Amino acid sequence: MTETELENFDPDWLALREPVDHSTRSRRLEGLLAARLADRDRVRVVDLGAGSGSTLRHLAPRLLELGVGAAQDWVLVDHDEALLSRALAVPVDAAASVATTRVDLGDRDALSDVLSGADVVVGSALLDVLPAPVATGLVEVLSTLDPRPAVLFVLTVAGGASTEPDVPGAAEAFDADQRAHGLGPDATGFVAEAFAAHGWSVERDATPWRLGPSPLLDAWARGWFTAAGVSGRPVSAAVVPHEDLLAQ
Ligand SMILES: C[S@@+](CC[C@H](N)C(=O)[O-])C[C@H]1O[C@@H](n2cnc3c(N)ncnc32)[C@H](O)[C@@H]1O
C-alpha cells in the first residue's frame, strides 16, 4: 500500500470510542507487561498507529498504577500528522515525555529506525487495518531488535459482531469488506502466527465491546451497516468482538 492510499481516521470517531476502549483493554495482559517492567528506571514506549493518543492517555497512568515507577518516554507514530498533533494537545495523567513522528508502517527502514531501542511497542485498533505484507514486515522488523521489546497490540477487530435485533448476513458482509481492505478479523491470528514463527511467546485475550444505547452504538452501527452494504436500522445493543495480544 502506498502512502497516498492510506486511510485517514475521523478524530471524532476515535474520541467517541476512547472511553469504551480504555475500559475494555485486557487488564491481565497489562499486568503481565507491568511485571516485566517492574525493575526498570526508564522505559521507551513506541505507539504504532497512535492516532490522537488514546493508548498514551490510558497506558501511561495505568503502568504507574500497576507499580511501574520508571520514567516513560513515549514516541507516537502515525502517517497522519493531524491526528498526531491532537495527541500532543491533550494532557496525560502521568509524567511522561512525548514525541511524535510521521512514519508509514509499510516503510521498513523508517520502522526499524523508530523501533530502535524500544522497551515496549504498543498498537491499538491497528492490526486489522494493516494489509498482510505490512503486518508481516512489522513482525520481521520487531524480531530483528536486540533486546526484543514487549509488544502489546490491543482492540484488534475479531469479526462476527452481533446486534439486537439480529440483522442476518450483516456480520459476514462486514467482515468480508474488512478483509478487502486489510487483515480484518483475521489479524490477531495472522500476527500471532508470525510472532510464534519468530520464536516469540504470545498471549491473547478476548476484549469485546458490549454496547448499549449510546452515541458510540449509533455511530458504530451506521458505519457497520454502510460497510456491510445493508440498509441501516435501529439497534438497541451490540457485541463487537476484539482481541488483545501480548508478545514477548
Ligand atoms: C483505528 S485508528 C486507531 C488510533 C489509535 N491507536 C486509537 O486507538 O485511537 C488506526 C490508526 O492507525 C494509523 N495507521 C494505519 N495504517 C498506517 C500505516 N501504514 N502507517 C502509519 N499509520 C497507520 C491510522 O492513521 C490511525 O491513526
Residue among Thr163, His58, Ser231 farthest towards the positive dipole end of the chain, charges placed on Cβ: His58
Whole-percent carbon and sulfur share, accessible surface of the range 1-53, 1.4 Å: 51 percent
Alpha carbon convex hull of the chain, volume per residue in cubic angstrom: 116 Å³
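With the contact rule set at Cα under 8 Å and sequence spacing of 6 or more, what percent relative contact order holds for the chain?
Details: 471 pairs, mean separation 50.8, N = 248.
Relative contact order here is 20 percent.
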Degrees, to the nearest 10: 170-181 long Cα axis against longest axis of the chain: 50 degrees
Inter-probe distance in nm under a simple model that places probes 7 Å from Cα toward Cβ, at Arg102 and Ala71: 2.9 nm
Alpha-carbon centroid distance for the pair the range 69-138 / the range 171-190, whole angstrom: 23 Å
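Write down the accessible area per residue of the range 114-157 in Å², having rolled a 1.4 Å probe over the full set of protein chains. Please report the intermediate quantities before stating the final value.
Details: 1170 Å² over 44 residues.
Roughly 27 Å² per residue, with all protein chains present.
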Förster radius 41 Å - calculated FRET efficiency between Ser162 and Asp109, Cβ distance, rounded to 0.05: 0.45
Net charge dipole size for the chain [Lys, Arg +1 and Asp, Glu -1 on Cβ; Debye, nearest 20]: 640 debye
Portion, in percent, of the accessible area of the range 188-248 that falls on carbon or sulfur, probe 1.4 Å: 55 percent
Rounded to the nearest 20 debye, dipole of the range 1-118 from Cβ charges on Lys, Arg, Asp, Glu: 720 debye
Acute angle (nearest 10 degrees) that the helix 187-197 long axis makes with the longest principal axis of the chain, alpha-carbon atoms: 40 degrees
Charge dipole of the chain about the Cα centre (unit charges at C-beta), most positive-ward option of Val114, Ala94, Ala135: Ala94
Paramagnetic label zone (point 7 Å from Cα along Cα-to-C-beta, Ala173; backbone N under 20 Å) in the range 223-248: 223-241
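Please report, in debye to the nearest 20, how large the charge dipole of the range 98-182 is about its Cα centre when each Lys and Arg carries +1 at its beta carbon and each Asp and Glu carries -1 there.
On the way: 4 positive and 13 negative charges, 43 e Å.
My answer is approximately 200 debye.
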Rounded to 10°, Cα long-axis angle of helix 54-65 versus longest principal axis of the chain: 50 degrees
Accessible-area composition of the range 69-145, carbon plus sulfur, in percent [1.4 Å probe]: 50 percent
Gained length - Ser231 relative to Ser201, 0.36 nm times residue gap less alpha-carbon distance: 6.5 nm
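Report the full-extension gain for the segment Trp13 to Thr136: residue separation times 0.36 nm, less the Cα-Cα distance, to one decimal in nm.
Working: separation 123, 0.36 × 123 = 44.28 nm, distance 2.75 nm.
Taking 0.36 nm per residue and subtracting the Cα distance, the gain is 41.5 nm.
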Gyration tensor (alpha-carbon) shape descriptor, the range 11-83, a/c threshold 1.5: oblate
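The values are calculated or read from the model by the stated rules, or taken from the named source; none is laboratory data. The structure presented is a predicted model; accordingly, all values stated were derived computationally and were not measured. Glycine also receives a Cβ, built like all others from the backbone with ideal geometry; neighbour counts cover every protein chain displayed. Calculation scope for accessible area: heavy atoms of the full protein, side chains included, ligands and nucleic acids excluded. Shrake-Rupley method; radii C 1.70, N 1.55, O 1.52, S 1.80 Å.
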